[in-house]
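A quick write-up on the structure given underneath.
The values are calculated or read from the model by the stated rules, or taken from the named source; none is laboratory data. This one's a predicted model, so the numbers in the text were calculated from it and none came from an experiment. Note that we place each Cβ from the backbone using ideal geometry, even for glycine, and neighbour counts take in every protein chain shown.
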Amino acid sequence: MPKHISVVIPTIEEESVFGLIRSIRQMFGNGVEIIVVDKSSEAYRKRLEKAGVTVIRQRSRGVENAIVEGLRAAHGDILASIDADGTHDPKGLKEGVRIIERGDVGLVLGNRLAGLEDGSMSLYLRFGNKALSYIFSKLYRTRVHDVLTGLFVMRRDAYDEIRKVDPYRAGIAFFAIELARRGWAIDEVGIRYYKRAYGRSKLTSSKFAYGINVGAHLIRQIRDYSPLMVFGGIGGVMAVIGVVLGIFVVFNFASTGLLSEPGRALLSIMLIIAGIFLVVSGLILDLLIGIERMLQKRD
Ligand SMILES: Nc1nc2c(ncn2[C@@H]2O[C@H](COP(=O)(O)OP(=O)(O)OP(=O)(O)O)[C@@H](O)[C@H]2O)c(=O)[nH]1
Ligand SMILES: [Mg+2]
């Protein structure tokens, strides 16, 4: 029996949503559940209701909350989401569903970088997105290239594990981080990404600040997941700088017979001690987290 699919669409006055609704019905048939989470005007909402979709009026803030509200109301065995602004090719939903139906993946992301239309994504957004996706992939040993995409397909049981988590501002990276943390496999499909045909960006007034926010969440994850990586990394760098500085001081002392740079000598010793202290702290925290995980598994 074919699985029942729910597609959640977050929107603020996106004119493209009506064409998107038609495309989704063409692709999956009229049985598909389409839930539009709307934060627009009364007139726009009336038009949505006429289109025969389930409309949820969003009272919370942010696209992450919008999607979570939609997912909570969804009945499908497979859950999906796509931006309403017509920029993401909905064919990615179909391919994503195919991968989810194979059974070993919890979340499929639509990789926009595989099919960018000219002028659809600025160079600096492309770079920022790649950098965040790289950190994400290293952290969770996955290979995704577009963790801030607006298209995903998810297993119902994967979503059930995170349905109680309060969303933080990180776009779809929020879902990817929360599922990856719980050990779900994440895959991607290449999609076409088009320029916006109507209106302006609704997500944020500064994509730079938004990217920094997502980066901060990832770094917090690294700190909680593997303190040795953060503390050990910073401590290691400090100790190495201290040693190099110390070698200079010793070298000077050996050649002149005078301790001419007591300030540098002191700095070198301090850096080495602080560096070692950080590495040891990282090791202890890593050990404690390891023990906590072992105990959790036993429960
Ligand atoms: N319900 C709801 N929808 C939102 C909110 N913020 C953004 N959206 C919708 O989420 C989708 C993504 O937002 P966009 O404004 O397209 O963000 P973006 O893709 O980074 O920006 P562009 O490159 O200009 O398209 C669009 O369908 C928006 O209408 C929100 O707070 N609530
Ligand atoms: Mg957009």
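Taking the condition outside any helix (DSSP H, G or I), under 30 Å from Thr149 (Cβ atoms), within 16 Å of ligand 1 (Cβ to nearest atom) and at pLDDT below 85, does Ser205 pass? When the stated conditions are applied, Ser205 passes them. In the stretch 41-75, the residue that is nearest to Ile172 (Cα to Cα) out of those that are buried (at least 20 other Cβ atoms within 10 Å of the Cβ) and within 16 Å of ligand 2 (Cβ to nearest atom) is Glu64. Only one of the listed residues (Ile219, Ile172) is in the same structural domain as Ser81 (by TED's automatic domain parsing) and within 16 Å of ligand 2 (Cβ to nearest atom). That residue is Ile172.
Close contacts from the stretch 9-22, counting a first residue that is of a type in the set (S, T, N, Q) and a second that is modelled with pLDDT under 95, with Cβ to Cβ under 7 Å and a gap of 6+ residues or different chains, come to Ser16/Ala197; Ser16/Tyr198. If only residues of the stretch 73-87 that are over 19 Å from Lys39 (Cα atoms) and more than 21 Å from the chain's Cα centre (by Cα) are counted, the one that is farthest from ligand 1 (Cβ to nearest atom) is Asp77.
Is it the case that Ile5 is farther than 19 Å from Ala197 by Cβ, touching a Leu at 6+ places or on another chain (Cβ under 9 Å), of a type in the set (Val, Ile, Thr) and more than 10 Å from ligand 1 (Cβ to nearest atom)? Spelling it out, Ile5 is indeed farther than 19 Å from Ala197 by Cβ, touching a Leu at 6+ places or on another chain (Cβ under 9 Å), of a type in the set (Val, Ile, Thr) and more than 10 Å from ligand 1 (Cβ to nearest atom). Looking only at the stretch 183-205, decide whether some residue is without any contact (Cβ under 8 Å) to a residue 40 or more places away in the chain and touching a Phe, Trp or Tyr at 6+ places or on another chain (Cβ under 6 Å). Yes; the residues of the stretch 183-205 include at least one that is without any contact (Cβ under 8 Å) to a residue 40 or more places away in the chain and touching a Phe, Trp or Tyr at 6+ places or on another chain (Cβ under 6 Å).
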